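Here's the structure we're looking at; comments come further down.
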Amino acid sequence: MRKILLALSSLVLLAALPIASNQASVSPSRYRFFLEAKSRSDLRKLSGWLNRQSFDVAGVNLRRGTIEVLTDEAGVNFLRSKGMKGRLVTVPVVGGKSTRLSGLDARYLDPARVTKRLDDLHARFPNVTRIIEIGRSLKNLPIYGMIVSTTLDTNDPKFHEKPTVLVDGMHHAREIMTPEIVLDIGETVLASAARVKRARSVLEGMNLVLVPMLNVDGNTLVWNEDNMWRKNARGDGGGSVFGVDINRNYAYRWNGCNGSSNSRGAQDYHGAGPASEPETKALMGVAEKVRPMASLSYHSYSELVLYPYGCDGDVTGENALLEKLGKEMAGMLPEDSGGGHYTPGTPWQILYAVDGDSMGYMFATYGAASYTFEVNQDFQPSYDLREPTLKKHRVAWAYFFDQIRTRLATIHVTDAAGRPVPDAELDIVQIQHTKGERAFRTNLAGNYFKVLLPGKYTVRVREKDGSSTAVDFVMGDHPENVTVATKTFRRRR
Ligand SMILES: [Zn+2]
C-alpha cells in the first residue's frame, strides 16, 4: 500500500512540474500527449504529419478524435508552438537495468512464458501440434512458432494439400496483448476441435502456423529497461541500442513511399536494407515454406482492421474481397469502450503511409488475404481486458476462417503425365497486378490456394516454352477445385 501511495504521489508531482523546467532530479519521464483533431480528415492529416516529423504516434482514438503522441518536453513544446492542444499525461519511464519492471502486470507474457504456453499446448495435443523454431533474434533468442494441423511436416506434400493461414503477434515489443491473441487462437481451435465439428474441420481442412512473439529481444527490453520499447534490439556494436522497426523492414516496397524513416532514432526506422533484420527474415522464411493463403497480424493499438496496401493511394487488385471481409470483421469487434466497433480500412486511409510492412509483403508475395488488427486503446491495458479482448477476437477470426474456407479455390497444376508441378507460375486474369506483385506460384504439392469472391475466373499457367494454358472456372459460395494440365512441364526428380 505504501508503495502504491508513493508511486501515486510521485506521479502527481511529476504531472505538476512545469514542462520547460530543467529539474534534473526528476527521473526521465515521457509525455502522453492526446492531440485533438476536429474531423476524421484532420486526424488523418495530423497523424501523417506527425509521422513524417518522426513523432512516436502511439495510436488513435477515432471515437474521441484524438491522436496519442509519446514524446519528451521538447516535443511537447514544439507541438504546442504549432498551436496543438490536448490532454497531457506524464508517465515516468518504468524500468532499469536488471530490475523486473513493476509498472507492467507480471501476468503478461515474456519469451519464457510464451515457450511454456507452447510446450503446454503441445503436451496436451501432441498429435496435432508441432513447435518450430523459425529463426533466432539478434541476441540469439529462439523465435518459436507452432503448427496446428493434422499435417505437421512442411516438407511433406501432404502438408501442401491444405491451405495455410499464418498468424503473428508482437512485431512491436510494447504491444503486449498481441501474443495472447495468437496463442488463444491455437488453444481455442484445439480445445474446441474435440467437441465442435466446425472447429475440427479447421484442424483437418487447413494448417495454422502461429508465431505469437516475433520480437523476443524487444520484449526483453520492455520487461527490463523500457516498457515503451517498440523496435528490435539492433545496436551499433558499442553498447548503444537504436533498434529497427521490423514491421518496416520487409522486402516489399522497403523504404518505398515515405512510409518509414531513414533515421536510426525514429520509431519507424526501416533498417539498413530490405530484410536486414533476423526477425523479419524469420517470418519471411516460414512464409516461403508454407505459402500462406491468408495472413493475420496482431498489433496494438487503435481498434482498427487494416488491409493492404500501406502506400498513399494504393489499393490491391483484390480490394473488393479485402474490404468486404475487413468490414465484416470490424463489425464483429466492439470497441473496449462499448461506444462502437473497430474501423476498417487501409493504413493510409486511416493513419498514415506505411512501407516495408508484413501485411503488404504477404499479399504481394503470396496473394495472401492479409489483415492487421490494431487491438485495444492502450499498449498495456489492465490485465482485466485480456479475457474480453480474446473473446471478441475469437468471433472475428473464427468468422474469417469460415469465410476463407468457403471461398477457397484450389488450383492444381499437373504435368503432361498428370503429376503435380511445384513452383509453376500462374495468374488469374481477373486479378490486376499493378504494384509489383509476384506471380502466384504452386506449392510442393502443385497447389495454389486462393480466396475469391463469387464470379467467373480464368487461371493461366505459364508454360516452359513461353505459351500459356488457361482454364475457366466459376466461383459460387462454396469451395472449387480447378485442375490445369500443362503440356511442357516435367516433374522434377
Ligand atoms: Zn504495432
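Some notes on this structure:
- Scanning the range 288-313 for residues that are charged (D, E, K, R), over 25 Å from Lys231 (Cα atoms) and surrounded by fewer than 20 Cβ atoms within 10 Å (Cβ to Cβ) gives a single hit, Lys289.
- Flag for Tyr301 being within 16 Å of the ligand (Cβ to nearest atom), out of contact with any His (no Cβ under 9 Å at 6 or more places or on another chain), more than 20 Å from Pro179 (Cβ to Cβ) and among the hydroxyl-bearing types (Ser, Thr, Tyr): no
- For the range 322-338, the criterion of being within 16 Å of the ligand (Cβ to nearest atom), crowded, with 21+ Cβ neighbours inside 10 Å and not in a loop (DSSP other than H, G, I, E, B) is satisfied by no residue at all.
- Residue within the range 383-392 that is in contact (Cβ under 8 Å) with a residue 60 or more places away in the chain and either farther than 21 Å from Met329 by Cα or not assigned by TED's automatic domain parsing to the domain that holds Tyr301 (or both) present: yes
- Gly243 being farther than 19 Å from Phe373 by Cα and touching a residue at least 40 places away in the same chain (Cβ under 8 Å): no
- Per-region count, the range 226-282, residues within 16 Å of the ligand (Cβ to nearest atom) and aromatic (Phe, Trp, Tyr): 3
- For the range 176-193, the condition of being in a loop (DSSP other than H, G, I, E, B) and within 16 Å of the ligand (Cβ to nearest atom) holds for at least one residue.
- Hey, Thr178 within 28 Å of His412 (Cα to Cα), among the polar types (S, T, N, Q) and buried (at least 24 other Cβ atoms within 10 Å of the Cβ) or not: no
- Selected residue (only one of Thr434, Thr365 is in a helix (DSSP H, G or I) and of a type outside the set (D, E, K, R)): Thr365
- Inside the range 446-456, residues that are part of a strand (DSSP E or B) and surrounded by 14 or more Cβ atoms within 10 Å (Cβ to Cβ) make up a count of 5.
- For Phe400: the one exception among (1) assigned by TED's automatic domain parsing to the domain that holds Gly205; (2) hydrophobic (A, V, I, L, M, F, W, C); (3) part of a loop (DSSP other than H, G, I, E, B): (3)
- Residue match in the range 285-295 (condition: within 14 Å of the ligand (Cβ to nearest atom) and of a type outside the set (S, T, N, Q)): no
- Taking the listed residues Val459, Val482, Val471, Val395, the one that is buried (at least 21 other Cβ atoms within 10 Å of the Cβ), of a type in the set (Val, Ile, Thr) and either touching an Asp or Glu at 6+ places or on another chain (Cβ under 6 Å) or outside any loop (DSSP other than H, G, I, E, B) (or both) is Val459, with no other qualifying.
The values are calculated or read from the model by the stated rules, or taken from the named source; none is laboratory data. The shown structure was predicted, so the numbers you read here are calculated from the model rather than taken from an experiment. Cβ coordinates were reconstructed from backbone atoms using ideal geometry, including for glycine residues, and neighbour counts include every protein chain displayed.
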